[in-house]
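Reviewing the structure listed below.
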Amino acid sequence: MIEIGAQVDLSHPPTRVWLALTDRALLGRWFAEAETVEGVPDRLLLHTAGLPGFEANVEVEVTERQVPGLLVLACDEAGRLSELTCTVTATGQGCRLEVREATTHGAWSAEQHEPREQQLRQSLTVRLPAILDWLAFQQVDLRRNDGGMTAELPLVGARGPGRARRRRHQLAAMLGGVVVFGGVAAWAALPDEPNRSAAPSSTPSVSPSPSGTLTAPTATRRATPSVRPSRTAASATARPSRSASVQPSRPPTSVPPPPPSLTARYDTDSSRLFGYTGEVVVDNRAGTPVGDWAVVVTLADGSTVDDVDGANWRQNGQTITFTGAAVPAGGSQTFRFDVRDNRPKARAPEACTVGGNPCAGL
């Protein structure tokens, strides 16, 4: 019998942890996507194929349940049988969750054992606490003054009037921070203002009339050098005003650049836990084939490309450069790539460009 296991102390009540262990949607957020087996109660199919330490999907069935302290599952991974035990113990700060898995038929290979245990430990210590924090926030009734809270966030230590007031202030500050952060993020996403220094000046200039009197100021698109009028009418007639013969110049009309001959659009073809498959279609609007093209995709930190179909590629850090055969005139070229992403809900890369222009769809 081979056994693997991990435990974690959580600042959440046992009932909330039990919900994360037994709710199919929540289970898919922190461990593996799950679906029910038709016609068989208390049985789920976990989509673990491709996860570190797993060779196939795992079919699990509940054999013992003691809410909210004990959950025992019988697991079948392509004929390899094991028993998974989850124990939830209340503590002064929340609860302790311990998970143990032991084989009952067959064994894991040496290449499976360590990655499988690391996957379990990472799920319990990183992703599960994040899901529990999210779940706690979802259970807060923000209309407290109308009818009280339906659920309280976990509190540590004694509760008194002063502690309750400070907790309310902290919650208000937290929500305010979320709103401010959302506003800053929206502001940061807006396009930059045009460069004002590049715009033509609209400074009004004053020009003397031939008789030596000042005319009303007129706005021109470009500032013209002002000419000081003569002090006497006689000198004004003897020396005609320079501005009378100077015509205001017009700025050259800017011609917009021609549209790019190549455009690209991105789409997420499929998604899974910790990964997705992206698809890029490169379109050629020109009347001649374009052979020298490159699509640059920027992934999240720590993400990697596992497989590419339809293009050549190379990875440099977070940047993936795709190239391929010439795109025919008026035609298109399509390629797909599989991404392994360490974020549970990642569904797309951070950026995509072709010839420096952003891809549509992102």
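Worth a mention:
- If only residues of segment 100-124 that are touching a strand residue (DSSP E or B) at 6+ places or on another chain (Cβ under 8 Å) and among the hydrophobic types (A, V, I, L, M, F, W, C) are counted, the one that is farthest from ALA56 (Cα to Cα) is LEU124.
- Among the residues of segment 93-116, those identified as without any contact (Cβ under 8 Å) to a residue 40 or more places away in the chain and either touching a helix residue (DSSP H, G or I) at 6+ places or on another chain (Cβ under 7 Å) or open to solvent by 60 Å² or more (accessible area, probe 1.4 Å) (or both) are HIS105, ALA110, GLU111.
- Some residue of segment 36-44 being among the basic types (Lys, Arg) and touching a residue at least 40 places away in the same chain (Cβ under 8 Å): no
- Here the condition is being surrounded by fewer than 17 Cβ atoms within 10 Å (Cβ to Cβ) and under 27 Å from TRP30 (Cβ atoms); of ASP292, ASP307, it holds for ASP307 alone.
Quick grid of which residues meet (1) basic (Lys, Arg); (2) farther than 16 Å from ALA107 by Cα:
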{"position": "GLY50", "(1), (2)": "no, yes"}
{"position": "GLY53", "(1), (2)": "no, no"}
{"position": "ALA56", "(1), (2)": "no, no"}
{"position": "VAL60", "(1), (2)": "no, yes"}
{"position": "ARG80", "(1), (2)": "yes, no"}
{"position": "CYS86", "(1), (2)": "no, yes"}
{"position": "THR89", "(1), (2)": "no, yes"}
{"position": "GLY92", "(1), (2)": "no, yes"}
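- Within segment 310-345, the residues that satisfy the criterion of being part of a loop (DSSP other than H, G, I, E, B) and open to solvent by less than 60 Å² (accessible area, probe 1.4 Å) are GLY310, ALA311, GLY317, GLY324, ALA326, ALA329, GLY331, ASP341, PRO344.
- Filter pass, ASP9 being open to solvent by 50 Å² or more (accessible area, probe 1.4 Å), in contact (Cβ under 8 Å) with a residue 12 or more places away in the chain, of a type outside the set (A, V, I, L, M) and out of contact with any Leu (no Cβ under 7 Å at 6 or more places or on another chain): yes
- Only a single criterion out of (1) over 16 Å from the mean Cα position of the chain (by Cα); (2) at pLDDT 95 or above; (3) within 14 Å of PHE337 (Cβ to Cβ) is not satisfied by GLY324, namely (2).
- Restricting THR63, THR87 to those that are of a type in the set (Ser, Thr, Tyr) and modelled with pLDDT under 95 reduces the list to THR63.
- Residues in segment 46-56 that are surrounded by 16 or more Cβ atoms within 10 Å (Cβ to Cβ) and in contact with a strand residue (DSSP E or B) (Cβ under 8 Å, 6 or more places away or on another chain): LEU46, HIS47, THR48, GLY50, PHE54, GLU55.
- Tallying residues that are under 30 Å from ASP341 (Cβ atoms) and open to solvent by less than 30 Å² (accessible area, probe 1.4 Å) within segment 57-87 yields 8.
The values are calculated or read from the model by the stated rules, or taken from the named source; none is laboratory data. What you are looking at is a predicted structure, and each value in this text was computed from that prediction instead of being measured. FYI the Cβ positions are ideal-geometry reconstructions off the backbone, even for glycines, and counts take in every protein chain you see. In case anyone asks, the SASA skips ligands and DNA or RNA and just uses the protein heavy atoms, side chains included. Shrake-Rupley method; radii C 1.70, N 1.55, O 1.52, S 1.80 Å.
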